[in-house]
Amino acid sequence: MTLKLDNVSKTYTLGAFSGKTLRAVRNVSFDVRPGQVVSLIGESGSGKSTVGRMILRLTSITDGRISLDDEDITTLRGGDLKGYYRKVQGVFQDPFSTYNPIFRVDHVFENIRRSYFPGVALSEWTGRLETSLRSVNLDPGLVLGRYPHQLSGGQLQRVLIARALLLDIKILVADEIISMLDASTRIDVLNLLAELKARGLGIVFVTHDLSLGNYISDTTVILRYGAVVEMGATEKVFGDPRHAYTKSLLAAVPQLHHRWEDEGFGDTSMPVELPTARGDAPKLTAVEPDHLVAG
């Protein structure tokens with residue numbers, strides 16, 4: 001089952017009477033196939049989260065087409081849209097914001113049961129739920145019946161992934177899902193995503209962290225000001241970047257065996273280069289079949 005974006009754009013109107021618009025996403029195209037992780041990488045304001053929200057139908061598209069197995073998702077309504085959500089789900093940055101603190105974490109599963117499995121017997125449902133939790137390395141006995149504040153951020157994120165897996169999804173949009181987790185639990189969630197990929201799940205991994213994208217993804221899409229400036233196999237984008245913006249992002253990644261003073265950043269006499277004003281998005285030109293760069 002393949003998710004495909006064709007020249008997708010999103011334009012926002014700024015104010016009711018100003019007449020001004022902001023084109024947050026510009027002609028973005030890429031595919032997500034079964035068992036593939038596609039990382040959308042860029043700084044804040046690059047449009048990566050907007051792309052994820054459009055895939056999830058949380059934000060409408062202005063131009064272009066998003067399809068799942070060649071079916072245009074923007075036309076789905078009612079039962080067809082509910083069927084789409086059986087196949088495509090999202091997990092977001094702040095796990096705590098998803099839970100109502102007055103309810104036990106079981107509540108997020110009950111919503112799924114009422115919407116998608118109303119006729120399933122309780123014993124069968126309990127079995128499915130426990131299987132889903134174990135598939136994300138959670139002990140049902142240590143999770144079910146707990147309140148959100150009694151679980152760690154990593155546990156809460158895995159609960160949300162387990163909720164999505166109850167629907168037998170084909171595509172997962174993971175939007176900055178480990179940015180609020182501590183270092184000790186980040187790797188656990190990343191390795192979980194790698195396991196899900198091995199089972200055939202397609203993953204859209206939204207992140208501002210290049211090292212995380214390099215760790216997990218097959219394909220990397222570099223976004224700047226809503227446009228794709230470079231795209232291709234991850235090892236090529238990271239190993240042989242073509243666009244100046246990609247090169248600058250990679251150069252800014254802190255090195256484990258270097259200190260900032262060694263790079264001259266402690267020298268206050270050095271001139272500081274300010275970023276240039278935002279311009280029009282560049283046009284894409286093909287460099288290799290699987291490595292695109294803005295020209």
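A few remarks follow.
- Length gained on full extension, residue 69 to residue 100: 7.7 nm, using 0.36 nm per residue less the C-alpha separation.
- 5 angstrom amide H check on residue 203, placed H, neighbours 5+ away: 36, 37, 38, 172
- Reported value for the chain: 178 Å³ per residue, from the convex hull of its C-alpha atoms.
- Between residue 59 and 54, the built amide H atoms are under 5 Å apart, and every one of these is 5 or more places off in sequence or on another chain.
- 0 to 90° range, to nearest 10: angle between helix 153-165 axis and the chain longest Cα axis: 70
- Listed residue pairs exceeding 26 Å between alpha carbons, taken from 48/87; 10/236; 82/236; 87/247; 10/82; 197/236: 10/236; 82/236; 87/247
- Over the chain: helical MRE at 222 nm, DSSP H runs n ≥ 4 each giving -39500 (n - 2.57), nearest 500: -9500 deg cm²/dmol
- Relative contact order of the chain, defined on C-alpha pairs under 8 angstrom at six or more residues apart (%): 24
- Rounded to 10°, Cα long-axis angle of helix 122-135 versus longest principal axis of the chain: 30
- Counting every C-alpha pair in the range 124-189, the share spaced more than 20 angstrom apart comes to 27%.
- Comparing 83, 34, 61 along the charge dipole axis of the range 32-105, the residue lying farthest to the positive side is 83, per the Cβ-charge model.
- When peptides 221-232, 64-75 are sorted by average Cβ neighbour count within 10 Å, with the highest value leading, the order is 221-232, 64-75.
Values quoted throughout were computed directly from the atomic coordinates according to the rules given, and no laboratory measurement underlies them. For clarity, every value in this text was computed on a predicted model and none was experimentally measured. Cβ sites come from the backbone with ideal geometry, for glycine too, and all protein chains shown count toward neighbours.
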